[in-house]
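So the structure is just underneath, and the comments pick up after that.
The values are calculated or read from the model by the stated rules, or taken from the named source; none is laboratory data. Being a predicted model, the structure only gives us computed values, none of them experimental. Every residue, glycine as well, gets a Cβ built from its backbone with ideal geometry; the counts of neighbours run over all protein chains shown. Heavy atoms of the whole protein, side chains included, go into the accessibility calculation; ligands, DNA and RNA do not. Shrake-Rupley method; radii C 1.70, N 1.55, O 1.52, S 1.80 Å.
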Amino acid sequence: MLGGDGLAIANKMNPIEDAFQEFTDAIQTAGDVNAFERLAVRLAQRLGFQRFAYLRLTGEAPVLISSYPKSWTDRYFDLGYQKLDPVVLRARAERALFSWGGRARAPTGSRAQRQFFDEATTFGIRSGITVPIRGGFGQTAAFTLATSDREIDLDRLAGEWRDIIHQTGLYFHAHVVARLGAPFVKRQITEGELTQRERQCLAWTAQGKTVADIAVLVAIAPRTVVFHLENARRKLGAASIAQCVAIALRRGLLS
């Protein structure tokens with residue numbers, strides 16, 4: 001049996017495990033850059049981070065999916081910062097998850113690298129946790145959760161959530177490569193472009209099933225059902241789930 005401390009730890013970890021389970025459920029149906037970005041943003045925020053970035057370095061142009069400010073990512077690639085970035089250089093040299101930045105760590109590296117970190121902080125990128133990912137033929141990728149929070153204890157989080165963050169990075173990389181190939185360009189979601197899981201959840205909703213019912217029928221978490229329904233509502237421009245169902249039925253999307 002768990003004592004008081006054990007129960008407190010278990011209860012504390014449950015929301016994190018729930019967030020990861022929702023992420024692994026939903027990523028099965030992600031089919032474009034926008035979907036992958038939304039999933040990673042949602043997980044990052046539930047883990048207490050403001051932003052995420054997935055960078056893959058291939059023999060051609062770098063591949064990036066991130067929620068970093070576009071003004072920063074444009075500048076980053078225009079100036080070739082991927083060749084200078086200490087986090088990227090470390091990800092290319094190491095295999096284990098690592099944390100970086102933060103108030104407790106003085107900037108290291110060359111003068112140019114210290115200036116790079118100073119510049120990144122002006123865009124709200126102060127510290128983070130990065131998962132290095134090895135690919136074939138010398139390719140490298142890095143999945144990063146980043147924050148502007150001065151007080152966050154990254155070493156503690158990297159220790160407590162190491163397995164979840166590491167698996168998140170690997171899942172994200174594997175599904176991006178499998179679904180999108182390399183390199184790819186970001187495209188807009190067209191109206192009515194619903195994933196199979198989104199159509200499935202809407203179809204059950206049209207039959208009067210509740211979120212709890214659908215979760216059991218589809219074998220996913222209730223939060224994941226809500227996630228798919230909200231995605232469908234947004235794609236179809238509906239004000240409510242009921243209106244979304246009506247639109248989908250009218251357009252023959254659930255047949």
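A few points about this structure:
- Calculated FRET efficiency, Val177 to Ser71, Cβ-Cβ distance, R0 = 35 Å: about 0.80 to the nearest 0.05.
- When exposed loop sites are taken as GluC sites (Glu not before Pro) in a DSSP loop with at most 12 other Cβ atoms within 10 Å, the longest stretch of the chain clear of them is 192-255.
- Taking 0.36 nm per residue of separation and subtracting the Cα-Cα distance, full extension of the segment from Leu89 to Glu119 would add 9.0 nm.
- Label selected from (1) 62, 53, 34; (2) 64, 34, 33; (3) 60, 42, 29, the criterion being Cα extents along the principal axes in Å as computed here: (1)
- Sequence-ordered 3J(HN,Hα) estimates for region 79-85 from the Karplus curve with 6.51, -1.76 and 1.60 and θ = phi - 60° stand at 9, x, 5, 4, 8, 10, 3 Hz, glycine and proline given as x.
- Compared with the direct C-alpha span, the chain from Gln21 to Arg234 gains 74.4 nm at full extension, assuming 0.36 nm per residue.
- Residue with peak Gaussian network fluctuation, the chain [Cα springs, cutoff 10 Å], from Asp18, Asp74, Asp118: Asp74
- The chain, relative contact order in percent, only Cα pairs under 8 angstrom and at least six apart counted: 20 percent
- Averaged over its residues, the chain has an accessible area of 51 Å² per residue, based on protein heavy atoms and a 1.4 Å probe.
- Accessible area of Ser148 (1.4 Å probe, protein heavy atoms only, ligands and nucleic acids ignored): about 50 Å².
- Accessible surface of the chain, 1.4 Å probe, proportion on carbon and sulfur as whole %: 52 percent
- Label point distance in nm, Arg111-Ala206, each placed 7 Å from Cα along Cα→Cβ: 6.6 nm
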